[in-house]
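Each value in this text was obtained by applying a stated rule to the coordinates, not by laboratory testing. All values reported here derive from a predicted model rather than from experimental measurement. Heads up, the Cβs are rebuilt from the backbone with ideal geometry, glycines too, and the neighbour counts pull from every protein chain shown.
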Amino acid sequence: MIINDILDLSKVDAGMMKLKFEWFHTRSLIEDVNELVSTMAIAKRLELNYIVEEDVPSWVKGDKFRIRQVLLNVIGNAIKFTSEGEVFSRCRVYTDHDTDMGENQIMLEYSVIDTGRGFTKEEAALIFKPFSQIDGSSTRQHGGSGLGLVISRQLVELHGGRMEGSAVPGKGSTFTFTARFGLPSATDHPVMTSTPPMVATARSPGEDKAMHAIRPLILHKTLEQSLTASPISDLEVASPAFASPTGSDPSVPSGRSQNTTSSSVSSLNVGLSHFSEAAKASGQDLSQMKFEMPTGRLSLQTMLTPDVTNAPSSLERSRLPMYSILILCPQRYSREAITKHIETTLPKDVPRHIIALSRVSEAQDLIGGNEAVTFTHVVVNLGSAEETLSVTNQIATCSGGKTTIVIMSDSVQRQAVLELASNTGHPQLFADKQILFVHKPVKPSRFAVIFDPGRERDVSTDLNRSSAAQMVESQKQSYLDVEKRIGDKGVKVLLVEDNPVNQKVLSRYLQKVGIEAEIATDGMEATEKVFAHSPKYYSLILCDLHMPRKDGYQTCREVRQWEQANSYDATPIIALSANVMNDVQEKCTTAGFNDFVTKPVDFVDLSTAMSKYF
């Protein structure tokens with residue numbers, strides 16, 4: 001990794017770094033990075049989450065590999081230097097009017113926020129200095145070359161953007177970078193290929209539970225029939241589901257805010273807009289419906305229940321479904337992200353109200369008070385297994401099984417909760433279909449299993465998973481094609497590879513398609529095997545370029561010289577290399593290789609290359 005960093009730095013300094021522009025999905029790129037670093041976050045008990053704002057285009061054109069590299073560096077650093085709390089990423093449209101944008105172009109801004117050690121103004125001078133780190137002990141504790149942020153800034157500048165870092169010592173840091181991307185046009189746009197269905201015909205037990213969990217609350221026609229709740233004026237609840245920051249400051253309000261009439265009205269207006277959409281869809285006359293905001297103390301009842309006493313009789317006969325969701329999460333940004341993920345996966349035409357709280361004590365009156373609310377769903381994201389089980393037990397008891405409880409957890413947390421439930425005599429909590437687990441790192445597609453099982457919303461489909469499934473299907477078809485063409489027909493391949501893992505993977509593939517393979521651990525052993533047999537004994541040679549004792553170039557040259565000296569027909573030799581630079585491929589051609597396949601090996605590419613010779 002350090003060698004690659006130095007090579008990248010050298011290429012940028014020499015002006016040799018070239019960007020490869022291609023279409024990529026903005027949300028999927030961040031989800032891919034979070035998946036890659038999630039093990040690090042889970043090991044440190046950190047929350048890892050993100051938000052892509054609604055006005056960000058789904059597809060943009062840029063160097064996907066390099067933007068991914070920048071995100072990996074920045075998010076990885078944030079996890080590395082954060083001991084507790086959370087790491088959060090936000091992607092939004094950058095709207096600086098001083099920036100000249102060409103036609104079909106857009107500037108995006110990525111912010112990565114952590115709750116780590118932060119850094120001082122003096123330390124900030126070292127952040128973007130090559131081979132420097134802000135703490136002399138950091139290299140020994142965390143490793144690294146001190147080049148990650150330096151290279152990231154240069155890659156961002158190649159994309160027409162800039163990178164900055166700010167922090168408060170002891171409270172965390174924020175790294176922000178911008179980059180210019182292309183937008184789809186009539187002549188240049190991403191090719192949308194079909195993807196395998198995400199839901200199998202035979203659903204797993206978890207999916208069956210999720211299907212059962214879609215039981216929205218019924219909003220009745222009169223106040224007496226609707227939800228009741230304890231007053232929340234003292235709770236000062238504000239849900240971040242109804243507003244997203246539009247400025248450059250990525251901070252958001254916490255679960256508690258001032259309970260002013262204006263802020264409450266703003267939240268209510270957005271919530272009721274969903275009710276209006278549902279009413280229109282059902283053919284109701286909105287002009288006959290009266291919604292009133294009472295003055296003074298606001299209760300959850302008045303926030304959730306519209307006054308329909310003057311509505312026509314047809315509306316009185318209707319019963320509209322409604323989602324009432326409580327989110328319990330101590331982390332500020334994760335609380336916002338969870339709310340956003342759920343909001344974007346809920347059916348568009350169903351009214352909903354989402355309350356996000358930071359402390360269990362704030363939710364006590366709502367789930368267990370004298371006027372407790374029966375929520376359709378309660379999402380629990382707590383670090384302690386004891387606290388999670390306590391809240392889960394209280395909700396299940398108070399709701400009488402009418403509330404679906406969604407526990408967000410990684411595999412370690414899930415196991416801890418289940419074991420604690422078994423040891424404390426509460427295994428029955430998880431025996432029915434009212435408690436579900438959502439795996440971290442969280443993304444909309446994981447909530448969609450609960451709220452949008454039909455994948456009707458765009459964000460409900462995990463494109464990374466779809467692409468992986470499509471790749472698997474492509475590989476399966478490739479296996480069948482190769483097996484049909486050359487499998488079990490006496491084809492013998494010599495695999496020249498020094499890495500034992502690569503040996504195992506490639507030999508397994510060859511065996512799978514019905515090809516007999518022999519293994520040589522380096523170039524010296526490979527030439528000995530070739531020279532010990534008659535010509536064309538091996539139908540094909542797959543040869544790694546970088547090996548001890550004798551590399552692939554020399555191996556290929558010696559085989560070609562042996563063939564020419566004895567007037568033998570040339571054996572096809574395919575080079576395997578992780579280095580895809582043009583000079584490497586030119587050297588392969590000079591050495592006598594017939595083809596070139598990049599590592600890690602894509603079996604579709606390898607199958608295509610092999611099929612040329614049979």
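What to note about this one:
- Cβ-to-Cβ counts within 10 Å put Thr345, Thr424 in ascending order as Thr424, Thr345, the fewest first.
- Sorted by Cβ density within 10 Å, fewest first, the residues Cys556, Cys588: Cys588, Cys556
- Percent breakdown of C-alpha pair distances by 5 Å bin, ordered from the shortest bin, for segment 466-611: 2, 10, 20, 23, 21, 14, 8, 2, 1, 0, 0
- Cross-link pairs Lys440/Lys476; Lys64/Lys129; Lys484/Lys512; Lys489/Lys612; Lys18/Lys61; Lys20/Lys599 - those with Cα-Cα distance over 20 Å: Lys440/Lys476; Lys64/Lys129
- Dipole of segment 20-68, positive direction: furthest Cα of Phe65, Ser28, Asn49, with charges on the beta-carbon: Phe65
- Sorted by Cβ neighbour density within 10 Å, fewest at the top, the residues Val380, Val493: Val493, Val380
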